[in-house]
Amino acid sequence: MPGKGFSTVSKALAILVVALSVTSGWAVLALLFTEVLSAQTYSVIHNFTDTPDGAQPDAGLTMDRAGNLYGTTPLGGFAGSQSCPAGCGTVYRLSRTSNGWTITILHAFGGPRSDGADPFSRVIFGRDGALYGTTYSGGTGPRGTVFRLSPPAKSCGNVPCPWEESHYSFPADYLSGAGPIAEVAFDAQGDLYGTTDVGGPNYCRNVPNSCGVLYKLTTPIQEWNQSVIWDFEESSGNSPYGGITFDASGNIFGVTTVGGSADLGTFYEMTESAGSWTHTVLYNFTGQSDGAAPDGNLLEDAEGNLYGTAAAGGSGGGGTVFEFSPSGSGWNFSVLHSFSGTEGPVAGLTMDANGNLYGTTLHDGSFGYGNVFRLTKSNGYWNYVSLHDFSGGADGWASYSTVLIDAAGNLYGTAALGGAIGGGVVWEITP
């Protein structure tokens, strides 16, 4: 099956990335050594047990105003469906208490043909206070769903009530998209957008309906009126594993993991005029010093610069962290960090209030099981430091997660494997 998460640590497209880049000069080495010594404290705040809480969390987390954490697992929950005997996945909430963190299952997916299955994406809050996300399969199609989870309207006494679920099912014919694997995004008007891994009318690698689409669901979302605003194609980029990013003008930016002039991924823009969308390829990745196979969502800063990760290529062969900066009518591309390991960051980046970038890797770090890293800009250069190296044991390993930062500077994320039970973990890094 296409997409990420169907093997334990890899996507359908092989993902390579990340080792600590070589720096020179005793002053720089001393600075990095000091940062490692003052590394923040890592702890596991939840071990997934498969039933009832889920297993193998693939996505990052979302936080509400009260500090509760929300996430998904593509496996586990309540088993019983023939299509997913190990469970079809969950949406969960973690709440901090005096005794630690307590998990509540908001929804356990039931699989085809009634519900979704395999939620690989992060959930986000809408203006209505509901959670929105996607499932890679399931639904009436069953080609996947976009779902909405709203808080229960009634009390269940001392037992937490499940949240109320509704969803849009992608049609069986593949033409409107199939296999949504990325998180969704709202525009300024409250319309919902996302990408699918496959589907659409075009052929990629001589396979019909295999390139993916960019879709829109108009408000009110509960009516689930879907339209396709772009059918991806091999020549200009296809298989958009990552989601989209809106700028202040409502333009859409994203990356495709493959396709384009070198078939190694693209950076694209979608602009709207009089209700019609125009797609423009702004950059074709070459697999040389620039990197290859960009994956996660792009991150925009206050100046309109866009940051992302390429999972392969680069001067060290293990991928890059890159920046696109607007310049006149075009964009300047620059590599901020090049990795020399294998299987590194496949998720997008996060920026703190000081402009530092944070990310995770699959198989970097001292033990080869991935790590959490930070890039800090100083005198025009970006310095890399590992905040935690996963050991492949009780602390978890193989992180597909973005990094969440709270107001106190604590970091949160997930690791898909390992932990006390082996079903993955939610982790916290405190200052």
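A few notes on this one:
- With respect to (1) modelled with pLDDT of 95 or more; (2) in contact with a Pro (Cβ under 9 Å, 6 or more places away or on another chain); (3) surrounded by fewer than 20 Cβ atoms within 10 Å (Cβ to Cβ); (4) not small (Gly, Ala, Ser), the lone exception for VAL146 is condition (3).
- When every residue of the range 314-326 is checked against the conditions, at least one turns out to be touching a Ser or Thr at 6+ places or on another chain (Cβ under 6 Å), crowded, with 24+ Cβ neighbours inside 10 Å and farther than 23 Å from ILE181 by Cα.
- Considering residues of the range 171-200 that are among the small types (Gly, Ala, Ser) and loosely packed, with under 15 Cβ neighbours inside 10 Å only, the residue farthest from ALA248 (Cα to Cα): ALA172
- Among residues of the range 400-431, those that are surrounded by 22 or more Cβ atoms within 10 Å (Cβ to Cβ) and not in a strand (DSSP E or B), counted: 7
- ASN225, sole failed condition from (1) free of Cβ contacts under 8 Å to residues at least 24 places away in the same chain; (2) of a type outside the set (D, E, K, R); (3) closer than 24 Å to GLY348 by Cβ: (3)
- Test for PRO112: is it of a type outside the set (Phe, Trp, Tyr), under 28 Å from GLY242 (Cα atoms), at pLDDT 95 or above and not in a strand (DSSP E or B): no
- Candidates are the residues of the range 295-304 that are crowded, with 17+ Cβ neighbours inside 10 Å and at pLDDT 95 or above; the one that is nearest to the chain's Cα centre (by Cα) is ASN297.
- Subset tally (residues that are at pLDDT 95 or above and touching a helix residue (DSSP H, G or I) at 6+ places or on another chain (Cβ under 7 Å)) for the range 381-401: 1
- Set PHE367, PHE373: member being part of a loop (DSSP other than H, G, I, E, B) and modelled with pLDDT under 95: PHE367
- Within the range 253-271, considering residues that are closer than 11 Å to LEU214 by Cβ and within 17 Å of the chain's Cα centre (by Cα), the one surrounded by the most Cβ atoms within 10 Å (Cβ to Cβ): THR256
- Evaluation of VAL17 against (1) surrounded by 16 or more Cβ atoms within 10 Å (Cβ to Cβ); (2) at pLDDT 95 or above (one fails), failing number: (2)
- Output for the range 201-234, where each listed residue is outside any strand (DSSP E or B) and surrounded by fewer than 15 Cβ atoms within 10 Å (Cβ to Cβ): TYR203, ARG205, ASN206, PRO208, PRO220, GLN222, GLU223
- TRP101 meets each of the listed conditions (1) modelled with pLDDT of 95 or more; (2) on the phi > 0 side of the Ramachandran plot apart from (2).
Yes/no matrix, rows are residues, columns are (1) in contact with a Pro (Cβ under 9 Å, 6 or more places away or on another chain); (2) touching a residue at least 60 places away in the same chain (Cβ under 8 Å); (3) over 18 Å from THR72 (Cα atoms):
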residue: PRO152; (1), (2), (3): yes, no, yes
residue: CYS161; (1), (2), (3): yes, no, no
residue: GLU164; (1), (2), (3): yes, no, no
residue: SER169; (1), (2), (3): yes, no, yes
residue: ALA185; (1), (2), (3): no, yes, no
residue: ASP191; (1), (2), (3): no, no, yes
residue: CYS211; (1), (2), (3): yes, no, yes
residue: LYS216; (1), (2), (3): no, no, yes
residue: THR219; (1), (2), (3): no, no, yes
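- Boolean, GLY126 is under 27 Å from ILE244 (Cα atoms) and buried (at least 20 other Cβ atoms within 10 Å of the Cβ): no
- Yes/no for THR271 being without any contact (Cβ under 8 Å) to a residue 60 or more places away in the chain and closer than 28 Å to GLY355 by Cβ: yes
- Test result for GLY194, closer than 24 Å to THR257 by Cβ, in contact with a His (Cβ under 7 Å, 6 or more places away or on another chain) and not basic (Lys, Arg): no
- Residue pairs meeting the criteria (Cβ under 6 Å; at least 6 apart or on separate chains; first under 30 Å from PHE367 (Cβ atoms) and at pLDDT below 95, in the range 324-344; second among the acidic types (Asp, Glu) and buried (at least 17 other Cβ atoms within 10 Å of the Cβ)): GLY341/ASP364; GLY344/ASP364
- Hey, SER166 touching a strand residue (DSSP E or B) at 6+ places or on another chain (Cβ under 8 Å), modelled with pLDDT under 95 and hydroxyl-bearing (Ser, Thr, Tyr) or not: yes
- When residues of the range 272-285 are limited to those that are under 23 Å from the mean Cα position of the chain (by Cα) and over 14 Å from ASP231 (Cα atoms), the one surrounded by the most Cβ atoms within 10 Å (Cβ to Cβ): PHE285
- Filtered residues of the range 231-255 (kept if over 18 Å from VAL123 (Cα atoms), among the hydroxyl-bearing types (Ser, Thr, Tyr) and out of contact with any Cys (no Cβ under 9 Å at 6 or more places or on another chain)): SER235, SER236, SER249
- Top-ranked residue in the range 235-248 [being of a type in the set (S, T, N, Q) and within 13 Å of GLY194 (Cα to Cα); ranked as surrounded by the fewest Cβ atoms within 10 Å (Cβ to Cβ)]: THR245
The values are calculated or read from the model by the stated rules, or taken from the named source; none is laboratory data. The structure presented is a predicted model; accordingly, all values stated were derived computationally and were not measured. Backbone-built Cβ (ideal geometry, glycine too); neighbour counts: all protein chains shown.
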